[in-house]
Amino acid sequence: MRAARAAALAACVVFAAICSPTHAELLAGSDGWHSWQTDEAGAITDMCCFTRQRGAGSRAVCYLDETRLVFSSGDDCAASPGRAQYYVLVEDGKPREIRVLSEACPVETGGQITDHGIVPAAENLAWFRRVIEDRTVSNDVREEALFALVLSESNLAFDYLDRILSANVPAGR
Amino acid sequence: MNTLTKILIISAGLLLSGTGYAQQAAISDADELKIAALEALISAPPERALPLANKVLAGDNSDEVKERALFILSQIDTPESQATLVRFAREANGSLQEEAIRMIGISGDQASLAGLSEIYASGNSNVRDAVLEAYLIAGDKQAVFEIAVNADNTDDFEEAVETLGAMGASDELRELRGRTGVSESLIDAYAISGDLASLLDVARDNSDVEMQAEAIEALGIIGGDQVNAELVEIYRAAASEDIREAALDGMLISGYDAGVLELYRSAQSPAEKKELLEYLVMMDSDAVWEIVDAALEGGQ
């Protein structure tokens, strides 16, 4: 019985390591594109790539390697409620590009995308906080991280923004 | 919010993001983070961005941070956001008040824009400039025209006329001439707005030689073949040295060295040739070398 419990515990630890990568693991991950999803009440991301031809817009495949992507949102990109899909390009162990898209948005890249599956919302926010508050990360990437949090419309994300913006605000004002 | 609006907002946000961290050398780390967070809010739904922006404005934050919150409000099309902008435009002081006024211009809200006339009337020169900028941003020509018509001092009139020129408000500027007469600022505004017809009208009117000369010179700002031909014609028909000089100044501004060379070749007196040659030198024209070469050949 004791052995069975130990085996079950070990399996849980292995399972957690696979399904819930820490931000450190993501940041130290191999170079290339990484992706993960969050499933959080309040989040509603329908962002997708978008092309305009003759004044009319239509959904397009997101080529993640392109530096100038045109994002939009619309019913045809609607994701499952609560789902947000994040894409992060890691170079030399540091995030270089961050995107948040609808899980329904088709993406392509010249390389592989390492899929980390579903990451708990708190873990996801911790990863973003680490990027936003890390002065060794480029300002552009830190700003992309802030935009990604806003676009996710996650309650946790807005709570975090609220804390940033409320810092040093005297009580009662 | 429709799709196009979101695209524009997100594009603007990404453009803005270039200024968030990068250009804030003199700002504290905490304020840098706040500014970047506020800029990210441009892509947030209004109902989530508004309370955060309001909280920043109510808090003990620096003007730089609050100014960015005012910008976010300008992008939220709700009565609440406009009410806050108007309150700051009326009650805040210094740069924060001026920024709130400009943000009303960016928002383009008609009711808030209409309220700026009262703020203009009671404001100092910085506030008045900010109101003009707001109208310029919003493209509200009529409001600026009203300021010009009702100006009780030269500075305010000239600022308003200059703004109308930048707005390309030709109809309003023509109307102003009928009401206030020709002035130097009006001539400059005709030139800046590209109103050749009005400028030519003043340039051909010799009832006020000083204004006539100003208009002739200002023709050079518009430039182009028609203007160049007019300037040569004006020079040739000039009844005074002032008008001739104004025509030359116009050609100098428009860079019409071919016209000055043409006048040089047809000039009769050495004094006139000398003056025209001086203009060609000032224009850094290669035509000077044509004249030098011709003179050397003539000497041989």
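Observations on the model:
- Interface area, chains B and A: about 2800 Å² of buried accessible surface, summed, with a 1.4 Å probe and ligands, DNA and RNA left out.
- The stretch B:148-274, relative contact order [Cα under 8 Å, separation at least 6], %: 17
- For the segment B:39-49, counting C-beta atoms of other chains within 10 Å of every residue's C-beta and taking the mean gives 5.
- Candidates B:A247, B:A169, B:A44: whichever shows maximal mean-square fluctuation once chain B is modelled as a Gaussian network with Cα springs under 10 Å: B:A44
- Neighbouring Cβ atoms from other chains, within 10 Å of the Cβ of residues in B:55-61, number 4 on average.
- With every protein chain in place, the stretch B:150-208: carbon and sulfur % of accessible area (1.4 Å): 36
- Taken over the stretch B:90-245, the convex hull of the Cα atoms encloses 111 Å³ per residue.
- Angle of helix B:225-237 to the longest C-alpha principal axis of chain B, folded into 0 to 90 degrees and rounded to 10: 50°.
- Reduction of at least 50 Å² in accessible surface, 1.4 Å probe, comparing all protein chains with the chain by itself, residues of the stretch A:138-157: A:E143, A:L146, A:F147, A:V150, A:E153
- Degrees separating the helix B:110-122 axis from the principal Cα axis of chain B, which is the longest one: 70
- Probe 1.4 Å, protein heavy atoms only - accessible area per residue of chain B in square angstrom: 47
The values are calculated or read from the model by the stated rules, or taken from the named source; none is laboratory data. Remember, predicted model here, so these are calculated numbers, not experimental data. Ideal geometry is used to build each Cβ from the backbone, glycine not excepted, and the neighbour counts take in all protein chains shown. These accessible areas exclude ligands, DNA and RNA; they are computed on the full protein's heavy atoms, side chains included. Shrake-Rupley method; radii C 1.70, N 1.55, O 1.52, S 1.80 Å.
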